[in-house]
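Structure first, then comments.
The values are calculated or read from the model by the stated rules, or taken from the named source; none is laboratory data. This structure is a prediction, so every number in the text was calculated from the model and none was measured. Every residue, glycine among them, receives a Cβ derived from its backbone with ideal geometry; neighbour counts consider all protein chains shown.
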């Protein structure tokens, strides 16, 4: 009844620190004339709120339905507490009494308000390279610990000036408790080291215009930048980074510039300009970039400037502008982790960069750019990192404190406890000592931020994975459980879609490499799977993988393996045979006959490599999946016609065997008949999509959900075709939308499968 006061205590868990949550609570309470207090805690945000019951209900409704735009509320725990009286509401100091179950926001791109202020000559933050507010700027990469307060970030190095301090303390200000708050009087400083004169940004723009390579310190690490229209500059950068033909991403200042270099529809525009600002893989547009930016493929990785220094590097009105399309690639050599520490960057990038645009705000956590692509208008992550990590994911059932160490390629780690899991940023490939160190740092930081103290570890079942070795080495007396690679892939996509512990799916796991329970290298798998286990129903027929990675790097070797397995002659008319030196051919023939130095593989990824080589597209690769990526690019928009490409299925064995020999034979026939490679590619993609549907029809056994996972499903042409055909047959298709289908999402699947048994 009116006049009867109540007091409630609310604990709000989730991404609720550093996102304007406390000022939102303050202003909402003031509007409703409620009394109480709000404070940050290592468990979340604690609110004590008192007043009329109807007003309290309205407060709670707004809390749930209208939180600040960057907040992610996972749970609100509510309890009644004794009435204290009073009329004021205030923001209290942070505490550390809770259990540590919250994270600050991921790093977010500069917001429209800050961008406008930075361009306004009348604003005191005009041209300020570190402008930020509660709605944007660095978070994850500057945090040392929780709760998220300035003294636990690298901004503790900078004492706030009087005006910044006033804004910081004013609940009505957009910068209230914005921990990275700064201005030209008290904030970090840019510096330039290299040829040329003038203030840092002017000198940096001049260097880029003249074809130089610039090391740029951003939010999550160093980038290497050059003019993307300057062929000589791009080629020099590619040579210095030892990057081979692996594509570069390009950064542009705004959507108009993005539309000039790529095809940008409304969905892509929203993704490009959103607060995460990932690299988006898009079909090339009308304006040209240097040919060596992304050789051999029709797509271009495009991202919009997301940090103030990026916008200033392109130039504001009144500046002599720099190049308006920049290669913006991670500051490292191929295979190494991104540089983020200043001294380390100076050592490791010394012979890569011609000059340095740096600053004195420390980066505490490295974080690469995220990469996504669009398939049928839906987001498909390729690399989940800046802007997304470490947002939590929900688990179907509570788990004990656990660390999952992921895979060796595209590594991420994950921690989980209770009903939540947190994935790290992209760490990289674990074949470099520096990456192994970065992995150890990532596990420690993630544990510190989440408060998860793992009591057991989960690793891939591969006995020689470096990630698994790291787990065994660092486990101490904690048990290390293993999960089969493809089971983890299917568990990950199941978890993304919120399936329960008792649910099962038909899992199609197609990738390049995964250790199988029989010691073979799997990768073309059909599984009846749930979190608790799996049964292998069918697989691509084994072919010999000779000398492991050597055959991965030379697709012509996989082509010869498939020819041999199919009983087809190694005719000189076949492009793959011509690509293989005669001496190597003889060695391979001996290996295939005797099994010497060979491991059997059922990899669908290696089959794509083989077909790419057989068709004459790519015989050796500079980066993972290059042959398949180029084959897909040539196949888009091509009508393959009635090709007769069809896989055979032998159900006389358990598991059943999918035989690619009929497809290989048709590919060879078309290749020697000079059928265009795009037609061959289109026919092959159609055959794989038809195979997926046939497998679903044959093996679903009453299960309506088909889960697609593994790196092969980064292929937009295949994923689109397969999902369309499956849905037409009435299947419910589960594919990745929040995590990559490649090994970057594997740690989440390990958490799920490793805790379900």
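Against the definition (under 17 Å from residue 312 (Cα atoms), in contact (Cβ under 8 Å) with a residue 24 or more places away in the chain and buried (at least 21 other Cβ atoms within 10 Å of the Cβ)), how does residue 227 come out, yes or no? Here the answer is yes, as residue 227 does meet what is asked. Do we find a residue being at pLDDT 90 or above and on the phi > 0 side of the Ramachandran plot anywhere in the stretch 57-80? No, because not a single residue in the stretch 57-80 is at pLDDT 90 or above and on the phi > 0 side of the Ramachandran plot. Does residue 398 qualify as being surrounded by 19 or more Cβ atoms within 10 Å (Cβ to Cβ), in the same structural domain as residue 410 (by TED's automatic domain parsing) and in contact with a strand residue (DSSP E or B) (Cβ under 9 Å, 6 or more places away or on another chain)? For residue 398, the condition - surrounded by 19 or more Cβ atoms within 10 Å (Cβ to Cβ), in the same structural domain as residue 410 (by TED's automatic domain parsing) and in contact with a strand residue (DSSP E or B) (Cβ under 9 Å, 6 or more places away or on another chain) - is not met.
Of the residues making up the stretch 408-415, one or more are touching a helix residue (DSSP H, G or I) at 6+ places or on another chain (Cβ under 8 Å), under 21 Å from residue 138 (Cα atoms) and touching a residue at least 40 places away in the same chain (Cβ under 8 Å). I want to confirm something. Restricting to the stretch 210-240 and keeping residues that are part of a helix (DSSP H, G or I) and in contact with a strand residue (DSSP E or B) (Cβ under 7 Å, 6 or more places away or on another chain), which single residue is farthest from residue 325 (Cα to Cα)? Going through the qualifying residues, I end up with 237. Screening residue 45 with (1) in contact (Cβ under 8 Å) with a residue 60 or more places away in the chain; (2) under 29 Å from residue 152 (Cα atoms); (3) assigned to a strand (DSSP E or B) gives one miss only, at (1).
Scanning the stretch 688-709 turns up one or more residues that are in a helix (DSSP H, G or I) and either over 22 Å from residue 534 (Cβ atoms) or modelled with pLDDT under 95 (or both). For the stretch 157-184, filtering for residues that are loosely packed, with under 13 Cβ neighbours inside 10 Å and either assigned by TED's automatic domain parsing to the domain that holds residue 213 or assigned to a loop (DSSP other than H, G, I, E, B) (or both) leaves 2.
Inspect all residues belonging to the stretch 194-201 and state whether any of them is assigned to a helix (DSSP H, G or I), under 31 Å from the mean Cα position of the chain (by Cα), modelled with pLDDT of 95 or more and within 19 Å of residue 320 (Cα to Cα).
Start the filter on the stretch 194-201 by keeping residues that are assigned to a helix (DSSP H, G or I), which leaves 200-201.
Checking which are under 31 Å from the mean Cα position of the chain (by Cα) leaves us with 201.
Imposing the further condition that a residue be modelled with pLDDT of 95 or more reduces the set to 201.
So of that shortlist, the ones also within 19 Å of residue 320 (Cα to Cα) come out as 201.
Scanning the stretch 194-201, I find at least one residue that is assigned to a helix (DSSP H, G or I), under 31 Å from the mean Cα position of the chain (by Cα), modelled with pLDDT of 95 or more and within 19 Å of residue 320 (Cα to Cα), so the answer is yes.
Comparison of 625, 566, 538 shows that the only residue that is in contact (Cβ under 8 Å) with a residue 24 or more places away in the chain and within 27 Å of residue 245 (Cα to Cα) is 625. When the stretch 495-518 is filtered for residues that are more than 18 Å from the chain's Cα centre (by Cα) and outside any loop (DSSP other than H, G, I, E, B), the ones remaining, listed by number, are 505, 506, 507, 508, 509, 510, 512, 513, 514, 515. Criterion applied to 237, 255 was being under 19 Å from residue 623 (Cβ atoms) and either more than 17 Å from the chain's Cα centre (by Cα) or in the same structural domain as residue 330 (by TED's automatic domain parsing) (or both), and the one residue passing it is 237.
Given the condition over 22 Å from residue 129 (Cβ atoms), surrounded by 20 or more Cβ atoms within 10 Å (Cβ to Cβ) and without any contact (Cβ under 8 Å) to a residue 60 or more places away in the chain, answer yes or no: does some residue in the stretch 263-270 qualify?
Taking every residue of the stretch 263-270 in turn, at least one turns out to be over 22 Å from residue 129 (Cβ atoms), surrounded by 20 or more Cβ atoms within 10 Å (Cβ to Cβ) and without any contact (Cβ under 8 Å) to a residue 60 or more places away in the chain.
For residue 355, the criteria (1) farther than 22 Å from residue 442 by Cα; (2) touching a helix residue (DSSP H, G or I) at 6+ places or on another chain (Cβ under 7 Å); (3) surrounded by fewer than 19 Cβ atoms within 10 Å (Cβ to Cβ) hold in every case but one, which is (3).
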